[in-house]
Amino acid sequence: MATPQKFEYEKLVIGLLYADEDLLETVKKELTVLYGEIDSESEKYSFSEFSEYYDGEIGGTVFRQFVSFREPVDPSRLAEIKLKTNDIEDTHCGETGRMINIDPGLIGHGKYVMATTKNASWRIALEKGIYAELTLSYARKQWIDFYWTYCDVKSPRIKAYLGKVRKIYLGQRKGHCHAN
């Protein structure tokens, strides 16, 4: 019988959907209080070019930026992190609903997993209404997407950014398997 081991810590990556640049900066500061220093930021791009799904709720053309955090985290915390980011979203609501959408995820050696509150056949229940989705797999020196992977995450631009974050993470792994 195999003995369960501690999980290897993974790289926290958060996607931020927003229309208000000032709100984006405020929320990034709030996230650093919770998860520490941001060590990487993607370029900002128009999410609305991929999908207009959030335009009405967020209030206009929606942009997205991904950020990663210096300290790797225990992946068993993903549901807790999603619940906390939902709380942050709730503090920034307007007349139409959320003014920002916060999507936490984790990069491990061979995968990018995102947290969500929406159930689907390809999502695994974690706890308290939070699910995990294997969004990308890493094999043969490239990210491999699935039919359910969000359109913008499938793009070469975001795969390149997540590849950069993966390299940072792999460098961190060489020093230790579990962060403090």
Problem set entry | From the options Val62, Val33, Val67, Val27, residue that is under 30 Å from Gln5 (Cβ atoms) and either crowded, with 16+ Cβ neighbours inside 10 Å or out of contact with any Lys or Arg (no Cβ under 9 Å at 6 or more places or on another chain) (or both) | Val67
Problem set entry | Condition check for Arg173: surrounded by 14 or more Cβ atoms within 10 Å (Cβ to Cβ), under 16 Å from Ile14 (Cα atoms), basic (Lys, Arg) and in contact (Cβ under 8 Å) with a residue 24 or more places away in the chain | no
Exercise. Hey, Arg173 hits all of (1) under 21 Å from Glu41 (Cα atoms); (2) at pLDDT 95 or above but one; which does it fall short on?
Worked result: (2)
Seminar exercise, completed: Of all strands (runs of 3 or more DSSP E) fully inside the stretch 102-169, the set with 2 or more residues that are of a type in the set (Val, Ile, Thr) is 111-116, 130-139
For this session: Considering only the stretch 27-40, state which residues are among the acidic types (Asp, Glu) and either part of a strand (DSSP E or B) or under 19 Å from Cys151 (Cα atoms) (or both).
Result: Asp39
Exercise. Going through the stretch 41-54 one residue at a time, which ones are surrounded by fewer than 16 Cβ atoms within 10 Å (Cβ to Cβ), not aromatic (Phe, Trp, Tyr) and not in a helix (DSSP H, G or I)?
Worked result: Glu41, Glu43, Lys44, Ser46, Ser51, Glu52
Exercise. Is the stretch 70-79 home to any residue that is at pLDDT 95 or above, under 24 Å from Glu25 (Cβ atoms) and in contact with a strand residue (DSSP E or B) (Cβ under 7 Å, 6 or more places away or on another chain)?
Worked result: yes
For this session: Hey, could you check the stretch 5-26 for residues that are assigned to a strand (DSSP E or B) and either without any contact (Cβ under 8 Å) to a residue 24 or more places away in the chain or among the aliphatic types (A, V, I, L, M) (or both) and say which is farthest from Met99 (Cα to Cα)?
Result: Leu12
Problem set entry | Residue in the stretch 78-95 that is assigned to a strand (DSSP E or B), touching a Leu at 6+ places or on another chain (Cβ under 9 Å) and either among the hydroxyl-bearing types (Ser, Thr, Tyr) or closer than 25 Å to Tyr161 by Cα (or both) present | no
Exercise. Taking the stretch 34-66 only, how many residues are among the β-branched types (Val, Ile, Thr) and closer than 23 Å to Arg166 by Cα?
Worked result: 1
For this session: Those residues that are under 14 Å from the mean Cα position of the chain (by Cα) and either within 16 Å of Arg77 (Cα to Cα) or modelled with pLDDT under 95 (or both), I need them from the stretch 1-41; list them, please.
Result: Glu10, Lys11, Leu12, Val13, Ile14, Leu31, Tyr35
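The values are calculated or read from the model by the stated rules, or taken from the named source; none is laboratory data. All values reported here derive from a predicted model rather than from experimental measurement. Don't worry about glycine lacking a Cβ; one is built from the backbone with ideal geometry, like all the others, and counts go over all protein chains shown.
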